[in-house]
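Notes to accompany the following structure.
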Amino acid sequence: MTTALYLPEENIDMIAATSVLQQQAADIRTKTINWASYMQSQMISEEDYRAISALDKSRAAFLAQNSSQVVKTLLNLVSHLSKDSTIQYILVLLDDLLQEDRSRVDLFHDTAGKLKQCIWGPFLNLLNRQDGFIVNMASRILAKFACWGHETMPKSDLNFYLQFLKDQLASNSTSYLQEMAQLAKRTQTILVHTHGLHGNSKDHGHGHQYSPSLAQLQHQHEQELVVSANESYRQVPNSSEQAHQQESKCAIPNNEYIQSVARCLQMMLRVDEYRFAFVGVDGISTLIRILSTRVNFQVQYQLIFCLWVLTFNPLLAAKMNKFSVIPILADILSDCAKEKVTRIILAVFRNLIEKPEDSSVAKDHCIAMVQCKVLKQLSILEQRRFDDEDITADVEYLSEKLQNSVQDLSSFDEYATEVRSGRLEWSPVHKSAKFWRENAQRLNEKNYELLRILVHLLETSKDAIILSVACFDIGEYVRHYPRGKHVLEQLGGKQIVMQHLGHEDPNVRYEALLAVQKLMVHNWEYLGKQLEKENENQKQGAAVITGKA
């Protein structure tokens, strides 16, 4: 039996979040397929012809009396026909059947089993088609078969399907971002052109409106409706109604299927058996990579929803921040203007504290949130009024937990969390001589974990502040830990620090120079000690010779 995350009123209207697919499906429903020609050309059997013809005329009645034949016919047609328009029609028909009554999923499973037919293969094969509608409608049906019935998807098929969803998500988001960039360029050209035509006409942004319902969090997450499939974080300005019309005709971003892909993933990840398989195909990294870009708020919401359902598994909740989930979501929280996005981020944060079984992990997550300035955002949210009681409750819960963690926070905990986040800044702990005297040696813990991170940041970061702070910290480590220079050389850090002596930013050059000086001072101190030791040995040797004489 499938172990799923069941939410109250979990009747998911998958089409609601995929308006382009919905529009295409509506057009396809109006078409008529000449099934008689298929039978006459012997492409389908007479039995299948009678079944599909009857299904077209009186779907519910015929299905009730001939359920086995309907399943057999639909699987036969999907498997053996190839014309795009016909396959589109069959998929819409089948999807409608499942959407009307989800118990029909078990009917398909049971009947296919009796007929010894594979229910997964025909639809998995369709994922390789060139037609985008066919691919995404087949994907939707697979998700319903996998999540709404008593049978789970076989492991080999599951890995293939989740890899497909991950790849589709990544390619669709890349395409969307590229087209948004092209849209911005085209709009800029329109602006220049219309400015020349209309003189001092005022620029104005064409904003987007979205009015989500405000029921409780768990009652609504799967029922959000998309008012516009093309709403974007970034409003593209234009300077006249003419420019707006020109843009509308030629520059709507073609991100039509990304929401459908995300919706399938939302369904799949509510089933616990599928969550680890998704992690196994490096799915979390893909979600985070896409969320770090400026996708539209609906896709943002859907992908964060995926993270939310993953965090209901205690093991995954404990490991989630290894993928930098907290810093990315904290950034989105500080920027977002959509209440539904705020709500789902708070829900993820709450799960990251509540679900891990190890209290030290929950504490680390609290510290990470403090480090990412979530407390500041919570204080801002506390000043706002929300109709959704769950938002208020989550804000209160998180504020209490984070404030308690601040009180229990040692200066080293704070420092370690900052380093692990990769977001170094000139916080007071860095400049504290007392901190470095007491804690420099602790950078050796866990096989030099924090020191390795500092070296890695020096090697990869482009941010001048991060580079400056990392140079300073490495210099302080070497200054206060006697073997620091030796350890740093083993990790390849010395050479990387020296490379920044020629950095374009003067602050980075300055901190790199100070760090190198601290490295050299240790050389001189070491050399001085060696000379003293040699002098003592020479004196002792002379005394022995004198005594013998």
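Across region 439-489, which residue is nearest to ALA512 (Cα to Cα) among those that are among the β-branched types (Val, Ile, Thr) and open to solvent by 30 Å² or more (accessible area, probe 1.4 Å)? Once the filter is applied, the top-ranked residue is ILE465.
Scanning region 245-295 for residues that are modelled with pLDDT under 85 and in a helix (DSSP H, G or I) yields GLN245, GLN246, GLU247, SER248, LYS249, CYS250.
Could you please find all residues in region 44-62 being more than 19 Å from GLN117 (Cα to Cα) and not basic (Lys, Arg)? Of everything in region 44-62, those that are more than 19 Å from GLN117 (Cα to Cα) and not basic (Lys, Arg) turn out to be GLU46, TYR49, SER53, ALA54, LEU55, ASP56, SER58, ALA60, ALA61, PHE62. Would you confirm whether or not region 145-164 contains a residue that is closer than 24 Å to GLN23 by Cβ, in contact with a Leu (Cβ under 6 Å, 6 or more places away or on another chain) and surrounded by 17 or more Cβ atoms within 10 Å (Cβ to Cβ)? Among the residues of region 145-164, at least one is closer than 24 Å to GLN23 by Cβ, in contact with a Leu (Cβ under 6 Å, 6 or more places away or on another chain) and surrounded by 17 or more Cβ atoms within 10 Å (Cβ to Cβ), which makes the answer yes.
If you go through region 298-315 and keep only what is part of a helix (DSSP H, G or I) and open to solvent by 10 Å² or more (accessible area, probe 1.4 Å), you end up with PRO314, LEU315.
Screening the candidates ASP96, ASP131, ASP157 for the property of being under 24 Å from ARG270 (Cα atoms) and more than 24 Å from the chain's Cα centre (by Cα) yields one hit, ASP96. Considering only residues in region 390-405 that are touching an Asp or Glu at 6+ places or on another chain (Cβ under 9 Å) and aliphatic (A, V, I, L, M), the one that is nearest to ALA330 (Cα to Cα) turns out to be VAL395.
Would you be able to say whether some residue in region 98-117 is within 21 Å of MET39 (Cα to Cα) and among the β-branched types (Val, Ile, Thr)? Taking every residue of region 98-117 in turn, none turns out to be within 21 Å of MET39 (Cα to Cα) and among the β-branched types (Val, Ile, Thr).
Summed over region 396-420, the residues that are open to solvent by less than 40 Å² (accessible area, probe 1.4 Å) and touching a Phe, Trp or Tyr at 6+ places or on another chain (Cβ under 8 Å) give a count of 3. A search for C-beta distances below 9 Å between a residue of region 359-380 that is in contact (Cβ under 8 Å) with a residue 12 or more places away in the chain and within 16 Å of SER427 (Cα to Cα) and any residue that is in a loop (DSSP other than H, G, I, E, B) and open to solvent by 80 Å² or more (accessible area, probe 1.4 Å), counting only pairs 6+ apart in sequence or on different chains, returns GLN371/ARG423; CYS372/ARG423. Of all the numbered requirements in (1) closer than 17 Å to MET267 by Cα; (2) within 29 Å of the chain's Cα centre (by Cα); (3) surrounded by fewer than 20 Cβ atoms within 10 Å (Cβ to Cβ), ASP101 misses one, and that requirement is (2). Scanning region 332-385 for residues that are under 16 Å from the mean Cα position of the chain (by Cα) and not in a helix (DSSP H, G or I) turns up just one, CYS336.
Could you tell me which of the residues ASP131, ASP84 is surrounded by fewer than 16 Cβ atoms within 10 Å (Cβ to Cβ), in contact with an Asp or Glu (Cβ under 7 Å, 6 or more places away or on another chain), more than 30 Å from ILE288 (Cα to Cα) and without any contact (Cβ under 8 Å) to a residue 60 or more places away in the chain?
Every option except ASP84 fails the conditions.
The residues in region 33-49 that are surrounded by fewer than 17 Cβ atoms within 10 Å (Cβ to Cβ) and over 18 Å from ASP84 (Cα atoms) can be counted, and the count is 5. So which residues in region 490-523 are charged (D, E, K, R), in a helix (DSSP H, G or I) and open to solvent by 30 Å² or more (accessible area, probe 1.4 Å), if there are any at all? Hits for region 490-523 are LYS494, ARG509, LYS518. Within region 335-371, being open to solvent by less than 60 Å² (accessible area, probe 1.4 Å) and polar (S, T, N, Q) holds for THR342, ASN351, SER360, GLN371.
The values are calculated or read from the model by the stated rules, or taken from the named source; none is laboratory data. Since we're looking at a predicted model, the values are computed, not measured. Every residue, glycine among them, receives a Cβ derived from its backbone with ideal geometry; neighbour counts consider all protein chains shown. Areas reflect the complete protein model, heavy atoms only, side chains present, ligands, DNA and RNA absent. Shrake-Rupley method; radii C 1.70, N 1.55, O 1.52, S 1.80 Å.
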